[in-house]
Every structure is written in structure tokens, then in C-alpha cells.
Number of protein chains: 2
Amino acid sequence: MTDAQSGSLPSTPLSSRAGATRDARHRRESRIMLAHGGGGQLTDELIGQFVLPRLGNSALNDLLDSGIVQDAAGTRTALTIDSYVVQPLVFPGGDIGRLAVSGTVNDLAVCGAEPVAMALSLILAEGLDKATLEQVLESIRQTAKEAQVNIVTGDTKVVGRGQADGMYITTAGVGRMLTVRRLHFDQIRPGDAIILSGPIADHGLAVMLAREMPEVHSALRSDVAPLNRMISRLLRRVPQVVFMRDPTRGGLASVAADLAARSGYRITIEEDAIPVQPQTLHAAEMLGLDVLEVANEGKVVIVVRPEGIEPTLSVLREDPLGRQASVIGRVEDARDGLCELKTAIGGRRIVQKPYGEQLPRIC
Amino acid sequence: MTDAQSGSLPSTPLSSRAGATRDARHRRESRIMLAHGGGGQLTDELIGQFVLPRLGNSALNDLLDSGIVQDAAGTRTALTIDSYVVQPLVFPGGDIGRLAVSGTVNDLAVCGAEPVAMALSLILAEGLDKATLEQVLESIRQTAKEAQVNIVTGDTKVVGRGQADGMYITTAGVGRMLTVRRLHFDQIRPGDAIILSGPIADHGLAVMLAREMPEVHSALRSDVAPLNRMISRLLRRVPQVVFMRDPTRGGLASVAADLAARSGYRITIEEDAIPVQPQTLHAAEMLGLDVLEVANEGKVVIVVRPEGIEPTLSVLREDPLGRQASVIGRVEDARDGLCELKTAIGGRRIVQKPYGEQLPRIC
């Protein structure tokens, strides 16, 4: 944590975590809830109960940020898709267009693929101001240029007034694998370090603050950015990287809990080592949210062998998007699959994947 | 036209075609209208004025059903995306899930690509019945199996009650080019034949009838189906195929007008040769729609050199999805870029791309 720009994390437990009774009631529900879209345990349940039993295959079952397919000649191609339903469409530090391009290139990048081409599908609401559409398309243009990727195909649908809140965007991306190494949870080993590329929670809190408290003036801005060029340099220069994931919905907590659960090892995270900006902490306090569970859109969590730590920090810190990169934790030689947070005040707590939705419509 | 299953086309001009005054007013509008999503002239305007000036590149500017990218080694990959917002979600002959899978594999197939993998993104509305979600996912499973393609990655978002009408689906697909031949408008030559794989207008009219006149009992069912296996056999066996397109939004009229405008040649279509089922004509009459302008979701229009006509008809007719394939027109040696329809009663009229939206939310 860089003292000048950071503060300590709140140590209170999550007020939004539901009790066992409420969970049981939720599970009995026969209808989709907003919480199913939170990227937490309920999203996992939806995917596990409804999607995988029907559509499961080796690529989909991995539940990585991209699906990877290999052709007869051995060429591996990555494919990813994400829909964006953020409100408001334009927020401090970005808009739905920048979000859609960044999200897709980042999902390819963390799987070790370089974006080759993107596809863009717009669902527009009748009555949307064309000036807003122009602004979003201009932002898509700029972000695609920044990421050095072309949009090669698209689709436009229009739905009735009041539906789709102005617009929803879905982007898909196809990527060429940069490395023959397999970046996967099953490559994680005791002794590996957990590196985070910069301060957390800026995106989700910037959007929530703009939506819930538009009267508040804050220096907080979303971190939304395409990370593919930084990640591509990292993969070319540091062969010891074994896994990456971008901590979007569900935040760092969700990624850290997943790393532990899916590698089967204990992960220890040092709260003091996690960079957080003071304005971000302030916003989290006002909104009653845990920064660990808030979405980022321009950050990456990297698991790396010990000998790759310094080269990784060096590559990340050369880039403006990774200037505050830090080692935040390590993989322990214990096979309980839990993630433990050592808090700033010396306590310990288990980091769980958030249950439902604490932040609706932030991406 | 197979007499037993077909009838004559209505010869009255389109009542929905707007007059010059209304057009001018529309163009001045600063807001998105439902008609912008119709796949007709207004959709083209939106893409031409807003999207291409910002995001244009050689692949996107082609405005084909898939974007085709070539890597350094010369390997060509096709990428496509489409959002589906159909209402009702389940309609006679299919549902939004079958539509989403078929639409994406068909967009790859008509560009000469074999689907390698698909991506699926769901936008669910709070309150959606889980049983409906299950039904749609089951339909996705069956259709993907029929098309022999795997869904390798996905995303789920949830939006508030009343938004997204239950659910929207976006699918993307990546394909491997089946042929080194370039299927493109610029390959079209005088003397080429226009072949249609079967009767038109079933999809759009089945959906409209279900939505607008649910009390009417009709044998009409959507034609929604994945065509990739039939098209792949065609490409392997008939090297004289030069262009293909699936007549979805805007119908056969839109594809025929595009063939003429973008090849630069006159296209003549014989109304008598276009297969239409009697129940489809009946529904078109009740709803006041022109079958030429109604979307199909399981048909393909093929442009082929004269020596490829018989082999094409033979391959198509071997498949249940192409049993009623017919030659419906030809490319003339005249460079006016117009499409002329010779009507069943001996008249002639110019076929234009529909202006706006006669059929909202049919795909």
C-alpha cells in the first residue's frame, strides 16, 4: 500500500451477507433475482444448476474469462463475450462503450490471448438520444484504438421506450494464444505469489456514487481501461506467470476466494498490502460497501512463481496502468482451499465470495 | 413454387412504405426509433452515419454477416455477433434460444465458415420464471447439438423487473473458413442464378401472429433452424457458389435489393418461382404484410454460376431444410444495380429494401 494514496481497509464484516434463513428462502425462489447477476455465489448457483448441466463441455466447464478451443492443427483460439447494462451510461472516468471494449480485451488478455478482432452488438431503446449514441461510439473507437483491436462485425436491435435503459452493449472478442503455457487454476502451487496491478474498487464505487449520490463531488473515477498491451508484455517477458484474472464483479474477494477454492490451496492475503485510494475508501464508507467486494475494470490479479515476482512488478510498474502493482499475498502449503485475510489491525478472517448482489448494474 | 404448398404473392404495393414527407421528418429526428432496428434503409443509415465513420475498417465496411480476419500465416477466421430481443420468448416452431444459436451459426455459414465455437450472453430480467430460463437453455442445448457446435464461454447479467422483457440473448460465433474462395458481392456476374432454399416469411409471420393475434389458430410455424451442415456440404460439393446470405430482418426483398445494389448489376426475380406456404400467405393477408419483406430464420439465398445450378439444387434438396429449393432469379447483363420483380400476374416492379420497421421484435 502506498501511504500517500491509500488508507486502511474497513475491518467490519459485511452487513450485506445474508443469514442462513434468508439464503434458504432465496434458494427456494422460482424466479430470477437481481442478486443472480452479482457475480457471487448466487451467480455460480445459476450457472451450476441451469447452464452447465445442459451446455457443459471441457472449455465451458473451466469457467475461465474466455473459452479456449484447439483446432486439428493445434492452434488455440480464445473466445469471450460479455453484456454491459451499467447505469448511468456515462460515469466518472468512462462510459458503457469504454467498459465494453475494455472488458472484452481484458477477458482475452488474462487467459493469455492477444485480441485479434472484436464484435459489437447494440440493443438500443426507442427514444435514446442520438448524441448519447455518438458519445458512446466515439468512446468505443478510442478504447479500441488504445487496445489496438478492430471491431470487425456488429448488430443493432431496437426495443421499446423504457426498456434497456437507453442501451445495452454486448461485445465478443476472439484472441490468438500468446503462449503455449496453460494459464489455469491447476497450475497454482504453494509458494506462488499473488500480485495485484493497482488500487481496488474505483470502478464500482465511481458508478454507485454517480448513481446513488449524484450530488456528492468526488475525485473518484472508474479505473476502466484495456490491459491487453501491459499483459502481453508481461507474458512475453515473465515465463513464471501461472494464472491471471481481472477482479470485476464480486471484486478482489471473489477472485481470491476462487483462487483458493479452485486451486485447492490456502491463499493468504495481506490487507495492508492492498492499494486503495483515500477517495475510494471514503466512497465505500458513505455507501456502506466493502472495497474487497467492489468491481474493478482496469486491474489484474496475477499468480506467479517466486522467481517471477520482481520481473512481474517491474513490467507492471513500467506501465501507467500498473504503477502501483504490489504483492498482496501468497499460496500456502495447506490444502484447505480457503482464502484468509490478515487484517491491518492484526486480525484474521476468511474471505468468501460475496453471496449475491451488493452492487447492481455496475457493468 | 410447389403448387400443393404454395399460393401467389400479394401484388399490392407496400402500405407501410413511407411517403417522402414522413421520411424527411424521420431523418430530422434526433432520437432512436423502433424503425432503426428493422434491418432496412433506416438501419443502414444508422450504421452508415454513426458506426462506420468511427469504427470502420476493411472487414467491418464489408457489412457481411460475419467479419473475416486473416492472420500473418494466412489463416482466415470469421467472427459474428447478434442480439435477440424477440417477443414472445417462445413462439410456434421455436424460441429465443433456438433463434440465437441458429442465427449465429447461419451468419458464419453464409460467409463460408464452419462454426468452431459459440459464446452466449444472457441479460435476464428480475422476476423471470426459472422454468422459462430452463426451457430456453434446453432449446439452446438441442440446437447447438443439431449444429454440432459447442458453447465455450458465456456471461449472465440481471436487470430490473420490467426491463429486458424476460430476457435478451446475445450470441457470438467464431468460424474456420471452409474455402479459399472469397464469397463476396464483388464475385457476382451476369448469368449467375439466384437460388432460394425454401418457402419464405414463416418466421416473422409466426412470431407476429403469436404476438398480435394469439387467438388465431394456424399451422404456421417459424422456420428457425441451423443451416450450417447443409451449407457446408454445398460448399464442399459445388465450387461455383459465389455468394450467400440468409434473408433475416428485411426478408428476401432486403437481400435481393442488396445483391443488386452492391454487385452493381440488375437482378430479376420471378415471383412465381418463390415458394410460399398457403398458411403463410394467409397470415400475411391478416396482418397486412408483404411476405417479401418478412424475416426468415432457416433459409439461405445463394448466387451461383450457371453450371452450379443443378448441383446446388441437388445438394439442397437432399436436406430436409432445403427440400423446396428453387431458382428464383438471375443476374442480368445490365449495370443499373436494381432488383426487378416479375409479378405472378405479368407486371414488373422494383424491389426496394424496406424503409423502416414493419415487424418490430421478431428476432
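The values are calculated or read from the model by the stated rules, or taken from the named source; none is laboratory data. Just so we're clear, the structure is a prediction, and the values are computed from it rather than from any experiment. Every residue, glycine among them, receives a Cβ derived from its backbone with ideal geometry; neighbour counts consider all protein chains shown. Heavy atoms of the whole protein, side chains included, go into the accessibility calculation; ligands, DNA and RNA do not. Shrake-Rupley method; radii C 1.70, N 1.55, O 1.52, S 1.80 Å.
Couple of notes before you dig in:
- If the Kirkwood radius is taken over C-alpha pairs of region B:161-227, then at 10 °C and 1.306 mPa s the Stokes-Einstein diffusion coefficient equals 95 µm²/s.
- A point 7 Å from Cα along Cα→Cβ stands in for A:M213, and the other copies hold the same point at 5.8 nm, listed in rising order.
- Compared with the direct C-alpha span, the chain from A:D272 to A:D44 gains 79.2 nm at full extension, assuming 0.36 nm per residue.
- The residues of region B:185-350 expose on average 35 square angstrom of accessible surface per residue, using a 1.4 Å probe on protein heavy atoms.
- The label point for B:D333 and the one for B:R182, both projected 7 Å from the Cα toward the Cβ, are 2.5 nm apart.
- A simple charge model with +1 on the Cβ of Lys and Arg, -1 on the Cβ of Asp and Glu and nothing else charged puts the dipole of region A:262-363 at about 220 debye relative to its Cα centre.
- Annotation: amide H of A:L338 within the under-5 Å range of A:R266, A:I267, sequence separation 5 or more or interchain, hydrogens built in the peptide plane.
- Sequence-distant residues sharing a close amide H with A:L227 (under 5 Å, placed H): A:N106
- Note on region A:64-177: dipole from Cβ charges, positive end direction compared against A:A109, A:Q163, A:I96; the farthest Cα belongs to A:A109.
- The translational diffusion coefficient of region A:226-274, from Stokes-Einstein at 4 °C and 1.567 mPa s with a Kirkwood hydrodynamic radius over alpha carbon pairs, comes to 103 µm²/s.
- Within a straight-line Cα-Cα reach of under 13 Å, B:K157 can be paired with the following aspartates and glutamates, leaving aside sequence neighbours fewer than 8 residues apart in one chain: A:D44, A:D82, A:E357, B:E126.
- Rounded to the nearest 20 debye, the dipole size of chain A about its Cα centre is 640 debye, using +1 on the Cβ of Lys and Arg and -1 on the Cβ of Asp and Glu.
- Were the residues from B:E138 through B:H217 laid out at 0.36 nm apart, the gain over their Cα-Cα distance would be 25.9 nm.
- Residues of region A:139-156 that bury at least 10 Å² of accessible area once all protein chains are present, compared with their chain alone (1.4 Å probe, heavy atoms only, ligands and nucleic acids left out), are A:R141, A:N150, A:I151, A:V152, A:T153, A:G154, A:D155, A:T156.
- Along its three principal directions, the equivalent ellipsoid of chain A from the Cα gyration tensor extends over semi-axes of 28, 25, 22 Å, largest first.
- Of the trypsin sites (Lys or Arg not before Pro) in region B:145-190, those whose Cβ has at most 14 other Cβ within 10 Å and which sit in DSSP loop: B:R161, B:R181, B:R182
- Dipole axis of the protein assembly as shown (+1 Lys, Arg; -1 Asp, Glu on Cβ), positive-most option in A:G37, A:I81, B:I32: A:I81
- For region A:114-247, size of Cβ-based charge dipole, Lys and Arg +1, Asp and Glu -1, in debye: 760 debye
- Distances in nm from B:G346 to the matching label points in the other copies, shortest first (labels 7 Å along Cα to Cβ): 10.4
- Nonpolar atom fraction for region B:215-363, defined as the carbon and sulfur part of the 1.4 Å probe accessible area, stands at 49 percent.
- Positions from region B:71-92 whose accessible area shrinks by 30 Å² or more when the full protein complex is built, not the chain alone, probe 1.4 Å: B:L79, B:I81, B:S83, B:V85
- Cα-based radius of gyration for the protein assembly as shown, normalised by 2.2 N^0.38 Å, reads 0.98.
- Volume of the Cα convex hull of region A:185-350, divided per residue and given in Å³: 104 Å³
- Spatial separation of Cα centroids for region A:77-128 and region A:170-230, in angstrom: 13 Å
- Copy-to-copy label distances for B:G264, where each label lies 7 Å from Cα along Cα-to-Cβ, are 6.5 nm in order of increasing length.
- Straight-line cross-link partners of A:K342 among the lysines, defined as a Cα under 22 Å from its Cα and at least 8 positions apart when in the same chain: A:K299, A:K353.
- Calculated P(r) of region A:64-177 - Cα pairs past 19 Å, %: 45 percent
- The A and B chains share an interface that buries close to 6400 Å² of accessible area, total over both sides, probe 1.4 Å.
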